[in-house]
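No value in this document is a laboratory result; all are computed from the given coordinates. Please read these numbers as outputs of a predicted model, since none were measured by experiment. Here the Cβ is made from the backbone with ideal geometry for all residues, glycine too, and neighbour counts use every protein chain on show.
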Amino acid sequence: MAGKPILHYVKARGRMESIRWLLAAAGVEFEEKFIETPDDLEDLRKDGSLMFQQVPMVEIDGMKLVQSRAILNYIATKYNLYGKDIKERALYGIFSVLSSTILRNHTDPSMNTQGCVKGSRLAAAHRNID
């Protein structure tokens, strides 16, 4: 049996939240490794884990997946949540876009999308989050 997926992101909902929701819908337990300092993000970049130098990143099935929609598509397909026909796939597509939009629109205006106070050193370190 493969290990639990490992989610790499800052301590915030952001773009990782819809991924968490989809894993929960599939009944999949996962671990989270939070990026808490600029050095944490830089370590992931230096070791080659981030294809586009951005998070979220999910370690699953021996891969390090990046880009939110690609991660969602992989999880939906792996756990048979992608739909059996084109109509069900359209509903999944609506979910993936809508969940991202909802999360983006409900962010505290004093915070950036990563949950960091605007203008802080940590916020500056996360400007490349997809």
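For region 46-82, the set of chymotrypsin sites (Phe, Trp or Tyr not before Pro) satisfying both a DSSP loop assignment and a count of at most 14 other C-beta atoms within 10 Å is given as Phe52, Tyr79.
The string of couplings for region 15-20 from the Karplus curve (6.51, -1.76, 1.60, θ = phi - 60°) is 6, 7, 4, 5, 5, 4 Hz, one whole number per residue in order, with x for Gly and Pro. Remark on Ile35: its backbone amide H falls under 5 Å from those of Tyr9, Val10, Lys11, a criterion applied only to residues 5 or more positions apart or on other chains, H modelled at 1.01 Å from N.
Under a 5 Å amide H cut-off, with hydrogens placed 1.01 Å from N, Met57 pairs with His8 among residues at least 5 apart or on other chains.
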